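Just so it is clear, none of the values below were taken in a lab; they were calculated from the coordinates. None of these values were measured; they are calculated from a predicted model. Here the Cβ is made from the backbone with ideal geometry for all residues, glycine too, and neighbour counts use every protein chain on show.
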Amino acid sequence: MIQLAINYSPAAAQLLQAGRLPIQRFKCPDWPDLVAEASALLPVAVHFSLSAGSGQLAQTDWERVEQLRQVTGTPYVNLHLDALQQDFPGMPRDTHEPAHIRLVTERLLHDVNAAVERFGAGQVIVENVPYQPDGSRNDPPYDKCLRPAVLPQVIRQVVQENGCGLLLDIPHARISAHNLGLDEREYFTSLPVESIRELHVTGLHTNEFGFLQDHLSMLESDWPSLEWVLERIRGGEWGSPWLLAFEYGGVGWKFERRSDPQVIESQVPELRRRLVGDI
């Protein structure tokens, strides 16, 4: 059965302690103190701040990663496929050049392979990131992600050649499809969805600059995309994830202001109903 998680936040912790939060896990960044705080209340799924694309992933402190996995029972090491412009000097963010696409693909393959060699392909998952146009002023680091890193054929090649799984971030895919000028569902189905091992979901809002932004509450327009994805998972067409994480709220000034307890209390039960198909 797919487990349901939400970003750990003081608001979510209070709701859990009051018996008003039907989840199986808290999702936490790889901060040991926060993991310990959340683990005192509920099992934790650690979301690692590891990025493929810089060419430096082999320098990661893998012992620290393994320790957090063992302490929490987190089954996968996640990597973000966020090849950033700063790591590819002179490459335009919106490049269509085949040579640029090959270079980004090779760098992603190289970095993901470093994790696969350390943990094994079956314990590594890669997350699709959002592609935003210049001037979107989205939360870093994704505001500098290169276009080739979100192309479905690139993500598919990385997954297939390394034999790893996919962490499908639904709002990230929707943002990328929108900014690439692609049909949302065609974008989804072009990804290696047969290799899904984890799901992330949040709402998409249009910010003050006119661009899509995630990590916000679910809107009526967001539920159909989630339901469409879940239908394909329940039908066996796509891979089955171990976890659906609602990436709403958190800690720190940026996320605490997005941790409305009323949103959490109303939307988590709705996510649970849809996850079990009770709609």
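Are there any GluC sites (Glu not before Pro) in the stretch 31-121 that are in a DSSP loop and have at most 13 other Cβ atoms within 10 Å? List them by number.
Working: sites: Glu37, Glu63, Glu66, Glu106, Glu117; in loops: none.
Of the GluC sites (Glu not before Pro), not one in the loops of the stretch 31-121 has a Cβ with at most 13 other Cβ atoms within 10 Å.
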| said: Taking 0.36 nm per residue of sequence separation and subtracting the Cα-Cα distance, how much length would be gained by fully extending the chain between Arg102 and Gln160, in nm to one decimal? | reply: 19.3 nm
| request: Count neighbours as other Cβ atoms within 10 Å of each site's Cβ, and list the chymotrypsin sites (Phe, Trp or Tyr not before Pro) in the stretch 37-118 that are DSSP loop with at most 12 such neighbours. | output: none
| Residues with amide H under 5 Å from that of Gly165, placed H, sequence gap 5 or more | Val124, Ile125, Val126
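Within the chain, what's the longest stretch lacking trypsin sites (Lys or Arg not before Pro) that sit in DSSP loops with no more than 16 other Cβ atoms inside 10 Å?
Values: sites that count: Arg20, Arg137, Arg257.
Formally, the longest exposed-site-free interval is 138-256.
So if we plug the beta-carbon distance of Arg20 and Glu63 into 1/(1 + (r/R0)^6) with R0 = 35 Å, what FRET efficiency do we get, rounded to 0.05?
Numbers: r = 38 Å, r/R0 = 1.09.
Plugging the Cβ-Cβ distance into 1/(1 + (r/R0)^6) gives 0.35.
Going by the alpha-carbon gyration tensor, a ≥ b ≥ c the square roots of its eigenvalues, is the stretch 238-279 rounded (a/c under 1.5) or, if a/c is not under 1.5, prolate (a/b greater than b/c) versus oblate? Don't skip to the end; give the middle numbers.
Details: a/c = 4.79, a/b = 1.66, b/c = 2.88.
In terms of gyration-tensor shape, oblate.
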| request: Using θ = phi - 60° and the Karplus relation 6.51 cos²θ - 1.76 cosθ + 1.60, list the HN-Hα couplings for the stretch 46-59 in order, rounded to whole Hz, with x at every Gly or Pro. | output: 7, 10, 7, 8, 9, 10, 9, x, 7, x, 10, 4, 5, 8
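Can you tell me the FRET efficiency between Glu265 and Gln70 if r is taken as the Cβ-Cβ distance and R0 is 45 Å, rounded to the nearest 0.05? Intermediate results must be reported in sequence, preceding the final value.
Numbers: r = 33 Å, r/R0 = 0.72.
The value I calculate is 0.85.
Provide the three semi-axes, in whole Å and in decreasing order, of the ellipsoid equivalent to the stretch 3-275 as defined by the square roots of 5 times the Cα gyration tensor eigenvalues. The partial results should precede the final answer.
Details: eigenvalues 153, 95, 66 Å².
Working from the Cα gyration tensor, I get semi-axes of 28, 22, 18 Å.
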| query | Can you work out ³J(HN,Hα) from phi for every residue in the stretch 81-97, in order, using Karplus 6.51 cos²θ - 1.76 cosθ + 1.60 and θ = phi - 60°, giving whole Hz and x for Gly and Pro? | reply | 8, 10, 4, 9, 4, 5, 8, 9, x, x, 8, x, 4, 9, 4, 10, 5
| task | Between the alpha-carbon centers of the stretch 78-116 and the stretch 2-58, tell me the distance in whole angstrom. | result | 28
| note | Hits for the chain under the membrane-span-like helix rule (DSSP H, Cα axial span at least 18 Å, Kyte-Doolittle mean at least -1.0) are 98-119, 261-275
| task | Mind checking the stretch 120-227 for GluC sites (Glu not before Pro) that DSSP puts in a loop (not H, G, I, E or B) and that have at most 11 other Cβ atoms within 10 Å? | result | Glu208, Glu220
